[in-house]
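One structure is given here, and the rest of the page talks about it.
What follows is calculated from the coordinates using simple rules that are stated; it is not laboratory data. These numbers were taken from a predicted model, which means no experiment stands behind them. All Cβ positions, even for glycine, are placed from backbone atoms using ideal geometry, and neighbour counts span all protein chains on display.
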Amino acid sequence: MSLTLVLLIAAFVIISFTILRSVIAPAFDELELAAATSDMHRAEAALRTDIENLEAVTADWAPWDDIYDYAGGTNPGFEKSNLNRPTLDNLGLDIMVVYSRESAPVWGMLLVESQELPVATLDILNPDNSESAGLIAHTADEDRTAGVVQSIYGPMIISSRPILRSDDSGPMAGAVVMGQFLNPARLSRLRERTEVDMTWSPLESGAPAETTPIIATTAAEIVSTNILTDIHGHPFLELQTRTPRSISSLGSQTINAATLFLIVAGVVVCIVIWFMLNHTILRPIEELSTHIGKIRESGDLSQQLSMDRGDEIGVLSRQFDSMTADVHDARQALLEQSFKAGKADTAAEVMHNIRNAMTPMINGLERLRRSFRVTENLRVREATQQIASDDCPPERKEKFLEYIVASFDRIEAVGGGAIEDLNVVTSQAKQVEGILSDQEKFANVAPVAENLIIDEVLCDAVNVIPKEESNPVALNVGKELGNLRVCAHRVGLLQVLGNLILNAYESIKRSGLEGGEIALVAADEVVGDVAMVRVTVRDNGDGFDNEIKAQIFQRGFTSKTKGNTTGLGLHWCANAVASMGGKISAESAGAGRGAEFHVLLPAARGG
């Protein structure tokens, strides 16, 4: 046992170290990667902020009456007072150009490393360059051009807007272009502002560019690389951030310290527990464990341990003997009661389903009885006697013949209805036979699930609705029911849908509503990555409140106040749907506002 304890503590230390290395260490690595990603986002955000600031300056100058008149050639004094190098220095600009309406430069200044150079030397503002059109000329008042671009003097951010009046009215007088080079000084300012070690370098012309960020990890740092596109959408600048791996280093130190602590604690625990286990705990627990193992293997709860000890383990053993004796007695009583209750439930549920199936049979037989009595009021025999009489005038014979023909037409029509009723009775009789046969053959076997088209089952389920000559209930069946397939037990699903449809019909009748309607719809649904089909039975009948909703599927509960009700129908439906791997639920907006019953079943495999 001592050796086992040592091995157990050692295994605990090894497992803890493994968990620390496999769970905690990766968590530190993920934090580092998140920090590296955050650094890249901060670098990109800082660059975007500079672009937005440049846009703001351009937006402040472009809609200005003074520069509008100057670009149009009517305010020459504007150049002396505003267009000079101090203005560029105050605005932090490296280039500023004012263009006329004809895209001709009116004034411009370019500063490269604090030296003034001709604006014409900047290739991105060359009128012969097709990609310069979006900077020096605009086609609409709301045109905006801003972003990064590569020039012969290096990468730069640039912004261009059409020159308008101070109230943003036109027509355009030209365009104003402002820019700032992405030089080492700007890079240094961005590093200080973001506290991110970032660098950028232009891409060589024609070099392939990776469109997604790349993260490379070394022992000392994480290097994140992203490609930026210019104002024309072309990749041109490689942005790189470097994040030191200080977090993973801290994590490694933490794991090593925790492992050392576990080793020391394990040694101390082994020494202390060795003395306690040897005589005080291990032997009696082994005896108790052996006794429990015997009960588990044999299943005989009547066995008693009878450990004669005065300590806590002795009290535990006596309590255990008392508990097993009580559990043994309770199990015997529960098995007997469960058998009786199971038989009673099965019989009650089967009789309930048979009663639902018998309802349309009884209605059909009653209609047959009325159909067969139609001949009582027909006087065909008297008409034939009159025709056979020599004293009957020809015109009267003709009328009698018409009466006989009409009588037989009536009999034929009633016979057609009787045949239809017989078909319903036959179908329901077969359904009853199927219920009884299913109960007889598979009473102790789980029902066999089939791939069923819902519409095929509904053809028999809707027969529970009685045929009425006045104020009939409309039945609307969704087209999708003919396409959706479920994996369910045919007879069980038939009884569930029959129960729900009959309940909907009775709810409408209880409400006394004219124009009652039952709607049947279905839809695909995914529940926890499992494909399901939701079948909804909706009516505009009585409805129910939240109090009834909480009890509606309980055994013995019913909201019906008249008739022979048992409260078994919906309880049986819930059990039947659950046995098929599905769920059933009920919804209602309140009393008198109709109800919806949702049956969720597994979708058939393969469609």
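When each of the peptides 574-580, 278-284 is scored by how many other beta carbons lie within 10 Å of its residues on average, the order from highest to lowest is 574-580, 278-284. Taking one quarter of the surface of the C-alpha convex hull of segment 1-126 gives a mean projected area of 13.3 nm². Ordering of 535-544, 589-598 by packing is 535-544, 589-598, highest average first (other Cβ atoms within 10 Å, averaged per residue).
Positive contributions from Lys and Arg (+1) and negative ones from Asp and Glu (-1), summed over other residues with Cβ under 14 Å from the Cβ of VAL486, come out at -1.
So, R0 is 35 Å and r is the distance between the beta-carbons of LEU475 and VAL405; what FRET efficiency does that work out to, to 0.05? Show your work: numbers first, answer last.
Numbers: r = 36 Å, r/R0 = 1.03.
That pair, LEU475 with VAL405, gives E of 0.45.
Count Lys and Arg as plus one, Asp and Glu as minus one, and take only other residues whose Cβ is under 13 Å from that of LYS399; the net charge is then -1.
A simple count of charges around ARG593, restricted to other residues whose Cβ falls under 12 Å of its Cβ and scoring Lys, Arg +1 and Asp, Glu -1, yields -4. Panel order for LYS294, LYS80, LYS397, by other beta carbons found within 10 Å of each beta carbon, from fewest to most: LYS80, LYS294, LYS397.
Kindly flag which residue pairs out of LYS509/LYS549; LYS467/LYS549; LYS430/LYS549 have an alpha-carbon separation exceeding 27 Å in this structure. Over 27 Å Cα-Cα: LYS467/LYS549; LYS430/LYS549. Under the classification rounded if a/c is under 1.5, otherwise prolate if a/b is larger than b/c and oblate if not, where does the chain fall, given a ≥ b ≥ c as square roots of the Cα gyration tensor eigenvalues? Taking the square roots of the gyration eigenvalues as a ≥ b ≥ c, the chain is oblate.
Across segment 57-244, the relative contact order, built from alpha-carbon pairs under 8 Å that are at least six residues apart, equals 20 percent.
Look at ARG296, ARG555 and count the other Cβ atoms within 10 Å of each Cβ; fewest to most, that gives ARG296, ARG555. Residues ASP197, ASP438, arranged from fewest to most other Cβ atoms within 10 angstrom of their Cβ, appear as ASP197, ASP438. Helix 490-511 versus the longest principal axis of the chain: what is the Cα-based angle in degrees, 0 to 90, to the nearest 10? With both axes taken from Cα atoms, the answer is about 90 degrees.
Structural descriptor for the chain: relative contact order 9 percent, calculated from alpha carbon pairs under 8 angstrom and at least 6 residues apart.
Our note on the geometry: Cα centres of segment 99-141 and segment 351-397, 103 Å apart. For the pair segment 469-493 and segment 1-54, the centres of their Cα atoms are 55 angstrom apart. Remark: relative contact order (segment 177-283) = 20 percent; criterion is Cα-Cα distance under 8 angstrom and separation of 6 or more residues.
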